[in-house]
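Here's the structure we're looking at; comments come further down.
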Amino acid sequence: IRMKGEALNVRRMGAQLGAVGQKLQAASRTAMISQSIKNAVPLITKGLKQMEKMGIDKAMCQFDTAMEELDVKTDSLNAGLGGVYSSTLDQTEVDSYMSKLMDSQAHEMDVNSVGVSKAELKAGPEEEK
């Protein structure tokens with residue numbers, strides 16, 4: 001019984017030592033990462049100072065402003081065109097065109113595939129089951 005108790009205590013101690021070892025490894029990796037960051041910060045600072053001298057920050061600001069303006073103009077243009085198209089196009093014409101497009105694609109698939117009927121292509125996967 002005493003030997004079993006000692007074995008249990010040895011296992012507990014081993015588990016604790018394993019946990020301590022993992023903590024030490026994590027601390028070591030953290031120290032290496034900190035050192036890498038410490039070495040990188042001056043390089044990044046130097047690069048940012050050079051960018052300021054070259055005026056890249058101003059150019060990026062102007063670019064962002066232009067893109068935002070373009071986005072606003074595009075949205076208003078899309079809204080305007082959406083209103084034009086929705087009021088001038090007849091839905092039956094759109095449906096007819098879509099049907100013709102599907103037929104032409106089905107014909108192309110018939111030419112490219114062997115053993116598939118046009119009805120199977122139009123039916124779709126839900127209707128085949």
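Each value in this text was obtained by applying a stated rule to the coordinates, not by laboratory testing. All of these numbers come straight from a predicted model, not from anything done at the bench. Positions of Cβ are generated from backbone atoms using ideal geometry, with glycine treated the same way; all protein chains shown enter the neighbour counts.
At-a-glance table
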item	result
M98/L70 FRET efficiency (R0 30 Å; Cβ-Cβ; nearest 0.05)	0.45
For the stretch 1-54: rounded, prolate or oblate by the Cα gyration tensor [a/c cutoff 1.5]	prolate
Per-residue ³J(HN,Hα) for the stretch 39-48, Karplus 6.51 cos²θ - 1.76 cosθ + 1.60, θ = phi - 60°, Hz, x for Gly and Pro	6, 7, 4, x, 5, 5, 4, 4, x, 5
FRET E, pair M13, S34, Förster distance 30 Å, beta-carbon r, rounded to 0.05	0.45
Using a Förster distance of 41 Å, the FRET efficiency for A26-R2 (Cβ separation, nearest 0.05)	0.65
Length gained when the stretch M54-Q105 is fully extended (0.36 nm per residue, less Cα-Cα span)	12.9 nm
